[in-house]
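Heads up, the thing below is written out as structure tokens.
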Amino acid sequence: MTALDQLRAHITARPEAIAFTLEGSQLTFGELDAAARRYAAGLAALGIARGDRVACLLGTRLELVIALLGAYYAGAVHVPINTRYGQVEIEHILRDSGARAVLIAEGSPTGEIVCALSPIETLQHLIVLHAAAEPLSVTPRAPLNVVSLDHLLAAAPMASEPRCDDEDPAMFIYTSGTTGQSKGVVLPYRAIVANIDALTRLWRWREDDRLVLALPLFHVHGLCIGVHGTLLRGCVAELHRRFDPDAVIQAIAAGGTIFMGVPTMYTRLLRALDADPSKGAALGAARLFTSGSAALSAASFEAFERHTGHRILERYGMSETLLTVSNPYPPEERKPGTIGFPVASGEVLVVDEEGSRCAVGEPGEIVVRGDSVMQRYWNAPEKTAASFRDGWFLTGDVARYDDEGYIVHMGRRSVDMIKSGGYRISAREIEECVALHPDIEEVAVVGRPDPEWGQRIAAALVTRGGAAERSPEAWAEELRGWLEGRLASYKRPRQVMCCGELPRNALGKIQKHLLAWPD
């Protein structure tokens, strides 16, 4: 049985059971399987074959889950794209992935961006989600075949669907790197199913669980863990289009048992609990709270336990490795300030520069190998080769072992990778866009400590001519406007500092750690 066969066996085991809900609508496992089979047939009718890439620019919708599973059934590769991206980011992913089709929502900002793009050599089909009662009115600039999602969902299921092997790519996850444009992480079925199976066993997911899922469905955390965990374990996932503390509290009070979040979400939940401590009892009814994507402060861990009685389970992962380190399930064994121990789907070590395991307390790099590790970076053999050593994936993250063997995550090796609000953001990518401004001579972008976001994006500017007379506040406002439509809102600098020059070393390299930021 292949990994995809294993996933489908779980999906078809309880066809009448509810799989996903969203704002009063619901989708059973049987309805999901049938719709995905029809969508796969519709893709095949468009000429989409095994290994072809199908990009998806939908927000959190039930149709997104159908599109994901339908791509699998067609043998295609699902390419999720962040719906907060701008033109530069979207076009790069569509071109780099070689997507043959892209799914958009009619009238959405990202849909409008796709329609305005110049022709992309591989892109042939524009699949549009639109109101069934209204005529389809999408006119892309490029010569694309425009087809409604409803039309594809009306296709008769294929008599025989393509066979997908464990090493076939299931999806490309595009993740920002310190060198600028995002890289396509090739995740095979083997990695996804092995990791989800190990993780959900560790976290003791059950069919009677109800996952409250407010994470976006274009990242590893929400899509790979939340959606695939639901498919593999047969529980219910209650989808939320966006995170709202009160909505999450109400959902858990109504029967939610699992909540997966990032530190920013817990900061906002704690604000709600501070304002009304009685809400802690509602959250206390859940079974499991997990956190990742950035470090959770000890203060937040302790405050949440004080309000709810729950000890948040911290874990660690990245697009290239999925979730490979987790605190234990028993609450008394969860240790604040640590990410825990390796998950069964892979091996994890903290090693020194020679590749030897570090002693207790000695900082080193986290390295990972095993079933959950990516296959490669798409179209980037040199970057792939540089990311592996003797079969181990080099994460670029620094950690240490404590005296009980727990792994303590200490951050990135590179100052050019920023973690803000659960997002991994490339400083280089922001710098390249800001540098296009006609009044900016040079720019250096860093992440600065922030109590809510983990890190906030800060830009040090060297400006041209009279532009230097503007205040930092005026420049911050100017950059927000300049970057609107070019980059996602969470990538825009929240703090700006104007400098006469940027500090450099003898070789001319900018020394970001020497920037003198005001308090």
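Values quoted throughout were computed directly from the atomic coordinates according to the rules given, and no laboratory measurement underlies them. On a predicted model such as this, the values are computed, not experimentally measured, just so you know. Here Cβ is always computed from backbone atoms with ideal geometry, including for glycine, and neighbour counts include all displayed protein chains.
What to note about this one:
- Couplings for the range 320-334, taken from phi via the Karplus curve 6.51 cos²θ - 1.76 cosθ + 1.60 with θ = phi - 60°, read 6, 10, 6, 8, 10, 9, 8, 5, x, 6, x, x, 5, 9, 6 Hz in order; Gly and Pro are left as x.
- For the range 240-249, backbone phi angles converted through the Karplus equation (6.51, -1.76, 1.60; θ = phi - 60°) give residue-by-residue couplings of 10, 5, 8, 7, 9, x, 5, 5, 5, 4 Hz, Gly and Pro being listed as x.
- Close amide H partners of Glu314, meaning residues 5 or more places away or on another chain with modelled amide H under 5 Å apart, are Ser291, Asn327.
- The H on the amide N of Asp166, modeled in the peptide plane, is under 5 Å from the matching H of Ala3, each at least 5 residues off or on a different chain.
- The magnitude of the dipole of the range 417-514, with charges of +1 and -1 set on the Cβ of Lys/Arg and Asp/Glu and taken from the Cα centre, is near 440 debye.
- FRET efficiency for Gln250 and Ala34, using Cβ-Cβ distance with R0 set to 30 Å, rounded to 0.05: 0.45
- Estimated from helices alone, the mean residue ellipticity of the chain at 222 nm is -8500 deg cm²/dmol (sum of -39500 (n - 2.57) over DSSP H runs with n ≥ 4, per residue).
- DSSP beta bridges in the range 128-271 [antiparallel fraction, %, rounded to 5]: 50 percent
- Set of lysines with alpha-carbon distance to Lys335 below 27 Å, sequence-local pairs under 8 removed: Lys279, Lys419
- Global form of the range 48-93, assessed from the alpha-carbon gyration tensor, a/c cut-off 1.5: oblate
- All aspartates and glutamates inside 14 Å of Lys183 as judged from Cα atoms, apart from same-chain residues fewer than 8 positions distant: Glu89, Glu91, Asp96, Glu320, Glu382, Glu429
- Each residue of the range 381-389 was assigned a 3J(HN,Hα) from its phi angle through the Karplus expression (A = 6.51, B = -1.76, C = 1.60, θ = phi - 60°), giving x, 5, 5, 4, 4, 6, 8, 10, 9 Hz with x at Gly and Pro.
- Residue (of Gly317, Cys433, Leu479) at the positive-pole extreme of the chain, dipole from beta-carbon charges: Gly317
- DSSP-defined beta bridges in the range 417-514 - what % are antiparallel, rounded to 5: 75 percent
- The range 388-473: relative contact order as a whole-number percent, Cα under 8 Å and 6+ apart: 20 percent
- Total charge dipole magnitude, the chain, about the Cα centre, Cβ charges on Lys, Arg, Asp, Glu only, Debye to nearest 20: 200 debye
- Taking the DSSP beta bridges with both ends in the chain, the antiparallel portion is around 60 percent.
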